[in-house]
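K.L.:
Here's a structure for you.
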Amino acid sequence: MDRWEEFVGGTRRAPRFSLEFPLSYRPSEDSVWRQGRGTNISRSGVLFRADAPLQLQQRVEVSFPIPVEIPGRPAATVVCRGQVVRLVEQPEQGVLIAATIESYRFRRPSESS
């Protein structure tokens, strides 16, 4: 069992899906989006690679496109809000950041950020 899949407090974590996908992230109080790369995701959290660490417990927003269009609807981007719960610095590879997903919304191309 991968360490990201361990039991927490006796409760099994939500199943994670190993996916590589581009994403943008920012501390909630920041207006500048940074680029990162998602490595896995579940209904309760996301693990992504970034160039620089954030702070533990820092509020964060993560945004990524949904690759499938629903017929009759334009493609959307998901914007998730949560907090940083784990950081793993990896020399020459940046840092892995695990963040919770506490809420999310869909943003269509016609909407502003």
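K.L.:
Suppose we filter region 91-105 for residues that are touching a residue at least 40 places away in the same chain (Cβ under 8 Å) and either more than 14 Å from the chain's Cα centre (by Cα) or at positive phi (or both); how many remain? Lay out the reasoning, then the answer.
P.N.:
Here is the first cut: in region 91-105, the ones touching a residue at least 40 places away in the same chain (Cβ under 8 Å) are 93-101.
Then drop every residue that is not either more than 14 Å from the chain's Cα centre (by Cα) or at positive phi (or both), which leaves 93-94.
Count: 2.
K.L.:
Please go through (1) more than 12 Å from the chain's Cα centre (by Cα); (2) at pLDDT below 95 for Pro65 and return the number of the only condition it doesn't satisfy.
P.N.:
Looking at each condition in turn, Pro65 falls short on (1).
K.L.:
Can you tell me which residues in region 90-113 are assigned to a strand (DSSP E or B), modelled with pLDDT of 90 or more and out of contact with any Cys (no Cβ under 6 Å at 6 or more places or on another chain)?
P.N.:
Residues satisfying the conditions are Val95, Leu96, Ile97, Ala98, Ala99, Thr100, Ser103, Arg105.
The values are calculated or read from the model by the stated rules, or taken from the named source; none is laboratory data. Here the structure is a predicted model, which means the values were calculated and not measured. Using ideal geometry, Cβ is built from the backbone for each residue, glycine included, and neighbour counts are taken over all protein chains shown.
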